[in-house]
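J.: Shown below is the structure under consideration.
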């Protein structure tokens, strides 16, 4: 009997959560429509333009998938670091360094194409892990807050990669070095690029499949293995972790390296997929996808599988914004919609927390 009551209450709670999220998202969309109308445009035209640009027009959802991949990889890495209570906000720099490592490997490593592809992807992960590992080392051996160091390392990464793109012995394409006209890396050879898949008139990279498999793997690892258990214990109660013999420094440093590694992986997948900069590393290569991936992780609330739909929504807003010119609305309106969605999707957890806290206090008072 008690199990039946428990099951009913669980179903009721899930229903309440779904309704809260639905009403919050609907409220964000309605507020977005009012803002669009206030700037003199028709909200239905804007909505149709976003749908056409992200899904309905030929080839568009393939582009949306391509944009969702780096966002999802950054979000997965962010969730890993947040499991141990660390705040990594330097994904832009980690992506850039990862892409730089991958570009260097792709330009200088001999061998068959498939081997080079694997090396470029692994190189990207190592580059991002190295860059975030610097912040992790400062956090655990010099007690410098990682929220500060990861952010500052973004600027250093931009200058570091900028220096590489000015020297042919590092990243600069020798053909582009004449007169120093263009700062670009050598283009990856055709056999060193990820294959692309044609499906229903859409074209997307194999990176979509790779990222999906990684999301499933990390979700399983965090929820079903001792690795995820150790990270959760360190993040929730360090004293309990010490009693279990779990090292806060070891787990935290590994989580920080993994977080940056996934950001670097996002950069190398962008490079090898060709969805960005045509298989070259260029200044501004990350196009703010690191910051967007951070928002994806924030909305997903440490649930790895939730990264998939959230990343698709944010990617749809990004690709759909290219069709807004015909409506007379600036592309920046999608940033407003994106911000409102983030705020709206953070409301339900706050409401549930306040409600559960009040119920717990009421039970305590009733017993006393």
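J.: What is the spin-label model distance, in nm, from residue 237 to residue 330 if the labels are put 7 Å beyond Cα along the C-beta direction?
T.: So the label points at residue 237 and residue 330 sit 5.1 nm apart.
J.: If the chain between residue 182 and residue 353 were fully stretched, how many nm would it gain, using 0.36 nm times the residue separation less the Cα-Cα distance?
T.: On the way: separation 171, 0.36 × 171 = 61.56 nm, distance 5.28 nm.
Working it through step by step, the gained length comes to 56.3 nm.
J.: Run the numbers for residue 152 and residue 51: contour at 0.36 nm per residue of separation, minus the present Cα-Cα distance, in nm.
T.: 32.7 nm is the gain from fully extending residue 152 to residue 51.
J.: May I ask you to sort 146, 302, 37, 92 by Cβ crowding, counting other Cβ atoms within 10 Å and putting the fewest first? Mind showing how you got there, number by number?
T.: Values: 146 23, 302 16, 37 12, 92 27.
The most exposed by this proxy come first: 37, 302, 146, 92.
J.: Mind telling me which of 101, 323, 279 comes out most flexible in a GNM of the chain, alpha-carbon contacts under 10 Å?
T.: Comparing 101, 323, 279 in a Gaussian network model of the chain, the most mobile one is 323.
J.: Just grab the label-to-label distance for residue 16 and residue 31, each label 7 Å out from Cα along the Cβ direction, in nm (one decimal).
T.: Computed distance between label sites residue 16 and residue 31 equals 2.3 nm.
J.: Cut-off 10 angstrom, C-alpha nodes, Gaussian network model of the chain. Which of 247, 207, 232 fluctuates the most?
T.: Looking only at 247, 207, 232, the largest GNM fluctuation is found for 247.
J.: Let me ask something else. Considering the values [x] 61, 53, 45; [y] 50, 43, 39; [z] 81, 59, 35, which represents Cα extents along the principal axes in Å as calculated for the structure under consideration?
T.: Here the calculated entry is [z].
J.: Also: Give me the extension gain from residue 203 to residue 137: residue separation times 0.36 nm, minus the current Cα-Cα distance, reported in nm with one decimal. Intermediate results must be reported in sequence, preceding the final value.
T.: Numbers: separation 66, 0.36 × 66 = 23.76 nm, distance 4.14 nm.
That pair, residue 203 and residue 137, stretches by 19.6 nm at full extension.
J.: Over the stretch 68-304, what is the relative contact order in whole percent, taking alpha-carbon pairs under 8 Å and six or more residues apart?
T.: Numbers: 452 pairs, mean separation 99.5, N = 237.
Taking the mean separation of contacting Cα pairs over the length of the stretch 68-304, I get 42 percent.
J.: Going by the alpha-carbon gyration tensor, a ≥ b ≥ c the square roots of its eigenvalues, is the stretch 134-270 rounded (a/c under 1.5) or, if a/c is not under 1.5, prolate (a/b greater than b/c) versus oblate? Intermediate results must be reported in sequence, preceding the final value.
T.: Details: a/c = 3.83, a/b = 1.46, b/c = 2.62.
Because a/c hits 1.5 or more and a/b fails to exceed b/c, the stretch 134-270 counts as oblate.
J.: In a solvent-free Debye calculation with one equal scatterer on each Cα, what is log10 I(q)/I(0) for the stretch 38-177 at q = 0.18 Å⁻¹, listed in the order of the q values?
T.: Scattering profile of the stretch 38-177, log10 relative to I(0): -1.04.
J.: Between rounded, prolate and oblate, where does the stretch 284-368 land on the alpha carbon gyration tensor, with a ≥ b ≥ c its root eigenvalues, rounded for a/c under 1.5, else prolate if a/b exceeds b/c?
T.: Working: a/c = 4.07, a/b = 2.52, b/c = 1.62.
Prolate is the answer for the stretch 284-368, as a/c is 1.5 or above and a/b outweighs b/c.
J.: Would you mind checking the radius of gyration and Dmax of the stretch 197-342 based on alpha-carbon positions, in Å?
T.: Final numbers for Rg and Dmax: 18.5, 62 Å.
J.: Taking every alpha carbon pair in the stretch 50-96, what does the distance histogram look like in 10 angstrom bins from 0, in percent?
T.: Whole-percent P(r) values from 0 Å outward: 24, 36, 24, 15, 1.
J.: Roughly how many Å is it from the Cα centre of the stretch 56-99 to that of the stretch 317-341, as a whole number?
T.: Here the two parts' Cα centres lie 20 Å apart.
J.: Each label point is 7 Å from the Cα along the Cα-to-Cβ direction; what then is the distance between the points at residue 247 and residue 23, in nm?
T.: With each label placed 7 Å out from Cα toward Cβ, I get 5.0 nm.
Any read-out appearing in this document is the output of simple, stated calculations on the displayed coordinates, not a laboratory observation. Bear in mind the structure is a predicted one, so any value in this text is a computation, not a measurement. For neighbour counting, all protein chains shown are included, and Cβ atoms are generated from backbone atoms with ideal geometry for every residue, glycine included.
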